[in-house]
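The values are calculated or read from the model by the stated rules, or taken from the named source; none is laboratory data. From a predicted model like this one, the values you see are computed outputs, not experimental measurements. Cβ coordinates were reconstructed from backbone atoms using ideal geometry, including for glycine residues, and neighbour counts include every protein chain displayed.
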């Protein structure tokens with residue numbers, strides 16, 4: 001099962017982001033076998049927020065399910081990704 005992770009990234013270090021991703025995937029793997037994390041950690045300083053969101057939605061289109069990190073509702077990109085899941089029927093495992 002391919003898992004899409006949505007998480008706040010603004011004003012956070014790469015280490016903080018990666019640690020949270022690992023924790024989220026560990027929680028998913030406790031409940032589901034055969035999971036694969038889709039690569040949605042984009043560390044390209046040339047890309048703006050909109051390009052990162054576009055790439056995230058592209059990855060979401062390949063997901064079997066999505067996971068939302070705590071606090072996602074406060075971030076515009078995460079809210080858009082959540083709405084895409086709702087509108088397009090991508091199951092949400094954690095939010």
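General remarks:
- Boolean, residue 1 is over 14 Å from the mean Cα position of the chain (by Cα) and without any contact (Cβ under 8 Å) to a residue 24 or more places away in the chain: no
- Remark: pairs (first residue in the range 58-74, free of Cβ contacts under 8 Å to residues at least 24 places away in the same chain; second residue surrounded by 11 or more Cβ atoms within 10 Å (Cβ to Cβ); Cβ separation under 8 Å; 6+ apart in sequence or on different chains) = 73/79; 73/82.
- Whichever residue in the range 39-56 is part of a loop (DSSP other than H, G, I, E, B) and in contact with a strand residue (DSSP E or B) (Cβ under 9 Å, 6 or more places away or on another chain) and, among such residues, is modelled with the highest pLDDT: 40
- Here the range 57-76 is the region considered, the condition is being under 12 Å from residue 89 (Cα atoms) and in contact with a helix residue (DSSP H, G or I) (Cβ under 7 Å, 6 or more places away or on another chain), and the residue that is surrounded by the fewest Cβ atoms within 10 Å (Cβ to Cβ) is 60.
- Residue within the range 27-38 that is farther than 17 Å from residue 93 by Cα and not in a helix (DSSP H, G or I) present: no
- When the range 10-26 is limited to residues that are assigned to a helix (DSSP H, G or I) and touching a residue at least 12 places away in the same chain (Cβ under 8 Å), the one that is nearest to residue 76 (Cα to Cα) turns out to be 17.
- Looking across the range 28-48, the residues that are under 22 Å from residue 71 (Cβ atoms), surrounded by 13 or more Cβ atoms within 10 Å (Cβ to Cβ) and either in contact (Cβ under 8 Å) with a residue 24 or more places away in the chain or within 10 Å of the chain's Cα centre (by Cα) (or both) come down to 28, 37, 38, 40, 41.
- For residue 21, the conditions (1) surrounded by 12 or more Cβ atoms within 10 Å (Cβ to Cβ); (2) out of contact with any strand residue (DSSP E or B) (no Cβ under 6 Å at 6 or more places or on another chain) all hold with the exception of (2).
- Applying the set (1) at pLDDT 95 or above; (2) in contact with a strand residue (DSSP E or B) (Cβ under 7 Å, 6 or more places away or on another chain); (3) crowded, with 17+ Cβ neighbours inside 10 Å; (4) more than 19 Å from residue 12 (Cβ to Cβ) to residue 84 leaves exactly one unmet item: (2).
This table checks each residue for (1) within 23 Å of residue 22 (Cβ to Cβ); (2) assigned to a loop (DSSP other than H, G, I, E, B).
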| residue | (1), (2) |
| --- | --- |
| 62 | yes, yes |
| 67 | yes, no |
| 73 | yes, no |
| 80 | no, no |
